[in-house]
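Undergrad: This is the structure, below, for whatever I ask next.
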Amino acid sequence: MKTFIFSFIISVLFLGCDKNNTALTPARQLAGNWTTPNPVTFYYSSEGCGGYARYSSFPMKVNWQITAVGDSSVSITWTLVSSGSQSTIGNNCGLPCPSLAFPLEFVGVISGSKFALDEHQSIGNVLVGIFNFTTDNITGTMTEKDCPVYCSGYSTDANTFILTRVN
């Protein structure tokens, strides 16, 4: 009788498993609309005065529309929700402050619960951020640097770029 009960329990456990279930891929988990619930401080930097340094800060709220491209990559369209006033925190030696032209386009390459954020620049795709994600949160650091004539770019402090799922 013990053997019968043991066999019955094992049979129920294995017959209850659906071998045709397809696990959700990371790209499907990321797809959707994401926004920064609070303004994120971004910093403009350049090598206009010699060394590459921050010279201006500005708070922004942004929206990311993420679309699955494959099981391990996503396309990200970044739009501006709102921007606060710019503050001078250094010197750019009279060079103009660039403006971000929205929307911005990025590619995310997924590995586990992280993705590398790549931007297409004149030299090809360049890593500009590393982000961790869960079902409802994305957290990471942005470090965009472009060097067509002299290097300039924008960045955030470590892990202060936080987005939450909207839908």
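The values are calculated or read from the model by the stated rules, or taken from the named source; none is laboratory data. Since the structure is predicted, the reported quantities are computational estimates derived from the model, not experimental observations. We place every Cβ from the backbone using ideal geometry, glycine too, and count neighbours over all the protein chains shown. Just the protein is used for accessible areas: all its heavy atoms, side chains included, with ligands, DNA and RNA removed. Shrake-Rupley method; radii C 1.70, N 1.55, O 1.52, S 1.80 Å.
Undergrad: Can you compute 3J(HN,Hα) from phi for each residue in the stretch 35-42, using the Karplus curve 6.51 cos²θ - 1.76 cosθ + 1.60 with θ = phi - 60°, rounded to whole Hz and x for Gly and Pro?
TA: Ordered by residue, 3J(HN,Hα) equals 9, 7, x, 10, x, 9, 7, 10 Hz.
Undergrad: Over the heavy atoms of Thr135, what accessible area does a 1.4 Å probe trace out, to the nearest 10 Å²?
TA: For Thr135, solvent-accessible area is about 90 Å².
Undergrad: Going by average Cβ density within 10 Å per residue, which order do the peptides 136-144, 101-109 take, highest to lowest?
TA: Those peptides, ordered most packed to least, come out 136-144, 101-109.
Undergrad: Could I ask something else about it? Could you list which residues have their amide H under 5 Å from that of Val166, counting only those 5 or more apart in sequence or on another chain, with H placed in the peptide plane?
TA: Here the answer is Asn33, Trp34, Thr35, since their amide H atoms fall under 5 Å of that of Val166.
Undergrad: What are the ³J(HN,Hα) values, in whole Hz, obtained from phi via the Karplus relation 6.51 cos²θ - 1.76 cosθ + 1.60 with θ = phi - 60°, for each residue of the stretch 133-146 in sequence order, with x given for Gly and Pro?
TA: Listing the rounded values in order: 9, 10, 4, 10, 9, 10, 9, x, 10, 10, 9, 8, 9, 10 Hz.
Undergrad: Could you give me the ³J(HN,Hα) list for the stretch 120-127, computed from phi with Karplus coefficients 6.51, -1.76, 1.60 and θ = phi - 60°, whole Hz, x at Gly and Pro?
TA: Whole-Hz 3J(HN,Hα) from phi for the stretch 120-127: 7, 10, 4, 9, x, 6, 10, 5.
Undergrad: Using heavy-atom solvent-accessible surface (probe 1.4 Å) with all chains present, what is the largest-first order of Arg54, Arg165?
TA: Reading off the accessible areas and sorting them downward yields Arg54, Arg165.
Undergrad: Let me cross-check Cys97: its accessible surface, 1.4 Å probe, with only protein heavy atoms counted, in Å² to the nearest 10?
TA: Around 60 Å² of this residue is reachable by solvent.
Undergrad: Sticking with this one: Viscosity 1.306 mPa s, temperature 10 °C: give me the Stokes-Einstein translational D for the stretch 86-167 in µm²/s, with Rh taken as the Kirkwood radius over C-alpha pairs.
TA: Calculated translational D: 110 µm²/s.
Undergrad: On a full-extension model of 0.36 nm per residue, what is the gain between Gln65 and Thr134, subtracting their alpha-carbon distance, rounded to one decimal in nm?
TA: 23.2 nm
Undergrad: With Kirkwood's inverse mean 1/r over C-alpha pairs for Rh, give me the Rg to Rh ratio of the stretch 28-104, two decimals please. Don't jump to the answer; show the numbers that get you there.
TA: Working: Rg = 15.7 Å, Rh = 14.3 Å.
With Rg and the Kirkwood Rh in hand, the quotient comes to 1.09.
Undergrad: I need the chymotrypsin sites (Phe, Trp or Tyr not before Pro) found in the stretch 120-167, filtered to DSSP loop residues with at most 15 other beta carbons within 10 Å of theirs.
TA: Here the chymotrypsin sites (Phe, Trp or Tyr not before Pro) that fit, given the DSSP loop and packing criteria, are Tyr150.
Undergrad: What is the sum of charges around Phe106, taking Lys and Arg as +1, Asp and Glu as -1, for the other residues whose C-beta is under 12 Å from the C-beta of Phe106?
TA: -4
Undergrad: Let a ≥ b ≥ c be the square roots of the eigenvalues of the Cα gyration tensor of the stretch 86-125; is it rounded (a/c under 1.5), or, if not, prolate (a/b larger than b/c) or oblate?
TA: Working: a/c = 2.73, a/b = 2.11, b/c = 1.30.
Prolate.
Undergrad: Here is a follow-up. What is the ratio of the Cα radius of gyration of the stretch 28-167 to 2.2 N^0.38 Å, with N the residue count, to two decimals?
TA: So the Cα radius of gyration is 1.05 times the expected 2.2 N^0.38 Å.
Undergrad: Amide H of Val40: which non-local residues (sequence gap of 5 or more, or other chain) have their own amide H closer than 5 Å, using H built in the peptide plane?
TA: It is Met60, Lys61, by chain and number.
Undergrad: Tell me, what is the per residue accessible area of the stretch 45-96 in Å², probe radius 1.4 Å? Display every interim value, and only then the final one.
TA: Details: 2580 Å² over 52 residues.
Ligands and nucleic acids excluded, the figure is 50 Å² per residue.
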